[in-house]
Amino acid sequence: MSETVSPVMFLILAFATIGGAVMMLSTRNVVHAAFWLLEIMVATAGLYLLLSAEFLALVQVLVYAGAVSVLVLFVIMLTLRRREDAIRPYEPSWAGTIIAALFLGALYMAITRFVPVIAEMPEKVPGVADFGREMFTTWMLPFEVASLVLLAALVGAVWWSKGGDGR
Amino acid sequence: MSPVLSAVLKFFAALGIMLVNGVVMIYMLRKVLGHLHIRLGPMHVGWKGTMQTLMDVLKLLTKEDVTPRAVDRWLFRIAPAVVFVPSLMAYAALPFSNTWRIVDLDTGLLYTFAVLSLVPIGILMAGWASANKWSLLGGMRAAAQQIAYEVPLLLSVLPVVLVAGTMNLGGIVEAQQGYWLGFIPGWFALNPLMWPTLLVFMIAGLVEINQTPFDMSEGESEIVAGFATEYSAMKFGLLFLSEFSNQFIMSALGVTLFFGGWTLPWIPAEMNHAFGPVIFIAKAYIGIAVMMWIRGTFPRVRIDQLMELGWKRLIPVSLVLIMLTGLFVKVVG
């Protein structure tokens, strides 16, 4: 991998990510929105790849593009009672506008106060083996905590979908 | 050679393998299934019907491309490409020999599965865009199968990674060199401890590429042709080309992970290196023949049985297998 990120590739991927996000928000068809979400996830994986984060990019494709977005599509298609229901009316509301404005303000503050942390680059890009060693030694405890949280969510989802009282 | 030129050549090489594989496999499918059914298969065009599939390709290319009025136009057009492109990308990490591979990835195994996991999305897209109940049912089945079987498939290859100590597909092949007791090849398929893993891999792999007995997304006896119902001409051709190609990739992965990849036992290493790609492709086609044998022998399972098998049996079984293999590696290694 080269030391500098190729600007052409970066521009293409950045355009794909931001353009996809705009398309996802502007389309009225929820199924199209889900497919745009998928496109954004793949483009984000491309951005990770540009940063030499090979493992992260692959996991992004496998988990987010390959599984989460299938799940999103699946749920959307299961809950639509008729095909025409996929096209949602445009429903502006004050609450939504206020939340959007607050989020925009928070984002603006975060970007203006952002101080880039430039760490020292390692000699060579760490491979997946180095990553695994680091994750299961230094970051062992956070990893286990995260997996416990996910397990609790999983058990909760099963309990909930059964009706709650062991039926 | 300049890197750009070599990348372009490698791309066309992968595309060439994919196209030739499609033509060869259709002929093979007809012949193998024909003989399993005690009939001859195609016999008239060319010697023993060998030219039949070429004629079929010409037919597909010159057929009228029908787009029904009710379809979701954009998704309908993109879907065959969304199925085709990941299938083509999956060739990148396959080790045809110790030097013949498109890229040498340390995460080759993960890469192949990540790319293949995009195929069912294209199928779901095709199913939805067709605006047809059968198509949608086919697409939904493909998605449900994929959600259920992605986990056991990935978990089933982890014991191999644990024993080989690498996710590089070439490295996994190299870990299978050498002999047990002096003469049994070191292939993981010949290690009794790996047999449950191999079984889980075979089942989950067949589900992942929608092969009989798990091809409910196509299910021609119940939902016409599933996701492909509304497709015609070369769009249909692309959908099926990638299906055949996925079969080749899954078989090649099985060969790499369990059957020693490009190597043959008991012959000198120079011979292995010289004939690597030939051996690899021959092994992959033996795997495909086994898939066709399964296809000609087993009835299609029901979708609810399939879901139960995936969630309630294969996932716990593969988790236990990983734990046992981990213990084994820790104790022995």
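Structure notes:
- Test: B:L162 is at the interface with another protein chain (Cβ under 9 Å from one of its Cβ atoms), touching a Gly at 6+ places or on another chain (Cβ under 7 Å) and part of a helix (DSSP H, G or I): no
- Pairs, first facing chain B (nearest Cβ under 7 Å) and more than 18 Å from B:L153 (Cβ to Cβ) in the range A:64-81, second polar (S, T, N, Q) and surrounded by 16 or more Cβ atoms within 10 Å (Cβ to Cβ), C-beta under 8 Å, six or more apart: none
- Condition check for B:L321: assigned to a helix (DSSP H, G or I) and not aromatic (F, W, Y): yes
- Residue among B:G219, B:G165, B:G178 that is over 30 Å from B:V82 (Cα atoms) and either touching a Lys or Arg at 6+ places or on another chain (Cβ under 8 Å) or modelled with pLDDT under 80 (or both): B:G178
- Filter result (part of a helix (DSSP H, G or I), more than 7 Å from chain B (Cβ to nearest Cβ) and more than 10 Å from the chain's Cα centre (by Cα)) within the range A:36-63: A:W36, A:E39, A:A43, A:G46, A:L47, A:Y48, A:L49, A:L50, A:L56, A:A57, A:V59
Quick grid of which residues meet (1) within 21 Å of B:G122 (Cα to Cα); (2) at pLDDT 85 or above; (3) not in a helix (DSSP H, G or I):
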position: B:I17; (1), (2), (3): no, yes, no
position: B:L60; (1), (2), (3): yes, no, no
position: B:D65; (1), (2), (3): yes, no, yes
position: B:I78; (1), (2), (3): yes, yes, no
position: B:A90; (1), (2), (3): yes, yes, no
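- Evaluated against (1) under 28 Å from A:L49 (Cα atoms); (2) more than 9 Å from chain A (Cβ to nearest Cβ); (3) over 20 Å from the mean Cα position of the chain (by Cα), B:G108 falls short on exactly one condition, (3).
- Total residues in the range B:31-50, condition modelled with pLDDT of 85 or more, charged (D, E, K, R) and part of a helix (DSSP H, G or I): 1
- Residue in the range B:204-212 that is more than 14 Å from every other protein chain (Cβ to nearest Cβ), out of contact with any Gly (no Cβ under 8 Å at 6 or more places or on another chain), modelled with pLDDT under 85 and more than 26 Å from B:D72 (Cβ to Cβ) present: yes
- Among the residues listed as B:T50, B:T99, B:T67, the single one being closer than 28 Å to A:V70 by Cα, surrounded by fewer than 19 Cβ atoms within 10 Å (Cβ to Cβ) and more than 12 Å from chain A (Cβ to nearest Cβ): B:T67
- Single residue of the range B:32-41 satisfying the filter (over 25 Å from the mean Cα position of the chain (by Cα) and not charged (D, E, K, R)) that is nearest to B:G296 (Cα to Cα): B:I38
- If you check B:A274, B:A282, B:A269, B:A233 for being surrounded by fewer than 21 Cβ atoms within 10 Å (Cβ to Cβ) and in contact with a Lys or Arg (Cβ under 7 Å, 6 or more places away or on another chain), only one passes: B:A233.
- Of all residues in the range A:82-103 being farther than 24 Å from B:V82 by Cβ and part of a loop (DSSP other than H, G, I, E, B), the one that is nearest to the other protein chains (Cβ to nearest Cβ): A:R82
- Candidate set from the range B:124-135 (those that are more than 10 Å from chain A (Cβ to nearest Cβ) and either under 17 Å from A:A33 (Cα atoms) or among the hydrophobic types (A, V, I, L, M, F, W, C) (or both)); member that is surrounded by the fewest Cβ atoms within 10 Å (Cβ to Cβ): B:W134
- Selected residue [more than 30 Å from B:Q177 (Cβ to Cβ) and either buried (at least 24 other Cβ atoms within 10 Å of the Cβ) or more than 10 Å from chain A (Cβ to nearest Cβ) (or both)] from B:A114, B:A81, B:A90: B:A81
- Candidate set: the range A:82-96, residues that are without any contact (Cβ under 8 Å) to a residue 40 or more places away in the chain and surrounded by 10 or more Cβ atoms within 10 Å (Cβ to Cβ); chosen: the one nearest to A:T27 (Cα to Cα): A:D85
- Of the residues B:G138, B:G186, B:G170, B:G182, the single one that is more than 14 Å from every other protein chain (Cβ to nearest Cβ) and buried (at least 21 other Cβ atoms within 10 Å of the Cβ) is B:G170.
The values are calculated or read from the model by the stated rules, or taken from the named source; none is laboratory data. From a predicted model like this one, the values you see are computed outputs, not experimental measurements. Cβ sites come from the backbone with ideal geometry, for glycine too, and all protein chains shown count toward neighbours.
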